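Heads up: the structure comes next, in structure tokens.
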Amino acid sequence: MVGLLARLAKGRYSQEGPLAVCMINYEGNPYDMNEILGALPATLTVIVVDVAGPFMKAPGLQKCIDALQDDDIAFILDVDVEVDDHLLRNIRRAVSRGES
């Protein structure tokens, strides 16, 4: 996931509009958030939302969505899912800010 985010932050995607990542931090999170955040490029905007209690996907996703602007494009992906740049390029082609 960190590699994908790094490619996005310095690739042509960053030139097509602002790119931000929302990460959910919940009690008992097995990942070291400081290590993840430290590995991300400084050019990437990262929003970290804290969710009280054990992991529950829906409340965390809703908090991330609530942090977006009305015309932002949201792309939701689990941390353990790997995608290539082609998927993200196709998403950018298929949606338009404020219209999709």
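The residue that is surrounded by the fewest Cβ atoms within 10 Å (Cβ to Cβ), counting only those in segment 46-61 that are under 17 Å from residue 78 (Cα atoms) and not aliphatic (A, V, I, L, M), is 54. How many residues does segment 27-45 contain that are in contact with a helix residue (DSSP H, G or I) (Cβ under 7 Å, 6 or more places away or on another chain) and either surrounded by fewer than 14 Cβ atoms within 10 Å (Cβ to Cβ) or part of a helix (DSSP H, G or I) (or both)? Residues meeting the conditions: 3. Residue pairs whose Cβ atoms lie under 7 Å apart, separated by 6 or more positions or on different chains, with the first residue in segment 76-97 and farther than 24 Å from residue 37 by Cβ and the second at pLDDT below 75 and not in a loop (DSSP other than H, G, I, E, B), are 92/13. Scanning segment 48-64 for residues that are touching a strand residue (DSSP E or B) at 6+ places or on another chain (Cβ under 8 Å) and closer than 22 Å to residue 96 by Cα returns 61, 64. Scanning segment 72-96 for residues that are modelled with pLDDT under 75, among the charged types (D, E, K, R) and part of a helix (DSSP H, G or I) yields 85, 89, 92. Here 78, 84 are screened, and the one residue that is exposed (fewer than 10 other Cβ atoms within 10 Å of the Cβ) and within 13 Å of the chain's Cα centre (by Cα) is 78.
The values are calculated or read from the model by the stated rules, or taken from the named source; none is laboratory data. Keep in mind it's a predicted model, so treat the numbers as computed, not measured. Methodologically, a virtual Cβ is constructed for each residue, glycine included, from the backbone with ideal geometry; neighbour enumeration extends over all protein chains shown.
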